[in-house]
Amino acid sequence: MTPEGFFLAQLIEDFRARSTVALARAISIIEDETDGFQDLLRTLLVRPPLAKRIGVTGPPGAGKSSLVAGIATICLAQGERTGVVAVDPSSPNSGGALLGDRIRMNDLSTEPGIFIRSMASRGSFGGLATATKDVLGLMDAFGFDRLMLETVGVGQTEMEVVSATDTVVVVLVPESGDTIQAMKAGLMEIGDIFVINKADRSGAVRLQKEMTEALNLRDTSMFLNNSFRSDTYHEGVSEEVTVLQQADWDIPVLLTDALSEEGISELLSAIEAHHNWLEESGGLASRRRDRARAHIGEVVNRELRRTTWASVETSLRLEMGLNDIEAGKGTTYSVAQDILGELLR
């Protein structure tokens, strides 16, 4: 066995023994796409998803990290093992995370029942890092009872969080904008639970009322066979994601103040109620199946890109094509078509 093979075999053994150090190393291997990471994933992910997955999204500054920390604290007290993935905006130079959610959640990071990982988005669309779903899969396989995903919170293209989690919590604050702004950002379409955080501030109750009315008056044409479909984009590739918004789930709009911990218990109760409803209605199985379908598409796209640009033939055809473009005998499209033709032959 090669040193690399021995290292992976030991890592897998430690992972299955629930070593958090092994989990952290496995995540780093996935993020860096180190040689052999596909084999590692194929080995470790052979089990059905069991963890309750909650996505927390919304505009920057809404207090998402504080809410996540509050929920994780309650879950810890209840004996649940919780994994947190916090996706941050990236440095344009290093690709590293800027906001440092692990620092903000520092008080929790030393608790044995909580594992927190901050990931850089590295420019990916939808508020999620490219490797986020693989990391969530690893943490699910590791045996956490609950997984919480906090997105970048760009406030616009947040649809991707739907394809990664079971329950989506949308967090707003009174001064972050009115209901119309939330509708423009697409947040009205993806939320299973809405939260008005920093509820001690002026306008919180008014925004709660506006959001409740807007949710009640949403265009019923969205609902087709109790669901609707929306396009999301992953690294420029259009994908179809099913968003279950069935009429018999009464979407709550809650008031919270994460700093004083007011409303956190009620939020967790709403999350549990939604999970129970999904189980009873069959929606949980549907979401997990759709999640697997979308992830398969992402993996295929990623491996096709890897195969294409790792090919010596591709490099040769690219250089020849660039010469043709300089000589006025080709275009970027003709060169791309030549490369694709060779790949698909």
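The values are calculated or read from the model by the stated rules, or taken from the named source; none is laboratory data. Predicted, not measured: the structure shown is a model, and the values here were computed from it. Every residue, glycine among them, receives a Cβ derived from its backbone with ideal geometry; neighbour counts consider all protein chains shown.
Details
- Selected residue (criterion: modelled with the lowest pLDDT) from residues of segment 147-159 that are under 13 Å from ILE116 (Cα atoms) and in contact with a helix residue (DSSP H, G or I) (Cβ under 6 Å, 6 or more places away or on another chain): GLU150
- Exactly one residue out of ASP14, ASP39 is surrounded by fewer than 14 Cβ atoms within 10 Å (Cβ to Cβ), outside the structural domain of VAL87 (by TED's automatic domain parsing) and free of Cβ contacts under 8 Å to residues at least 60 places away in the same chain, and it is ASP39.
- Residue under evaluation ILE54, criteria (1) buried (at least 20 other Cβ atoms within 10 Å of the Cβ); (2) modelled with pLDDT under 90; (3) β-branched (Val, Ile, Thr), criterion not met: (2)
- Put simply, of SER260, SER265, SER315, SER269 the only residue that is free of Cβ contacts under 8 Å to residues at least 24 places away in the same chain and in the same structural domain as VAL161 (by TED's automatic domain parsing) is SER269.
Here is a yes/no grid of residues against (1) of a type outside the set (Asp, Glu); (2) within 23 Å of ILE71 (Cα to Cα); (3) assigned to a loop (DSSP other than H, G, I, E, B):
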| site | (1), (2), (3) |
| --- | --- |
| LEU267 | yes, yes, no |
| GLU272 | no, yes, no |
| ARG287 | yes, yes, no |
| ARG291 | yes, no, no |
| VAL300 | yes, no, no |
| ILE325 | yes, no, no |
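- The condition of being among the aliphatic types (A, V, I, L, M), touching a residue at least 24 places away in the same chain (Cβ under 8 Å) and surrounded by 15 or more Cβ atoms within 10 Å (Cβ to Cβ) holds for LEU284.
- Top-ranked residue in segment 74-107 [being in a helix (DSSP H, G or I) and under 21 Å from the mean Cα position of the chain (by Cα); ranked as modelled with the highest pLDDT]: CYS75
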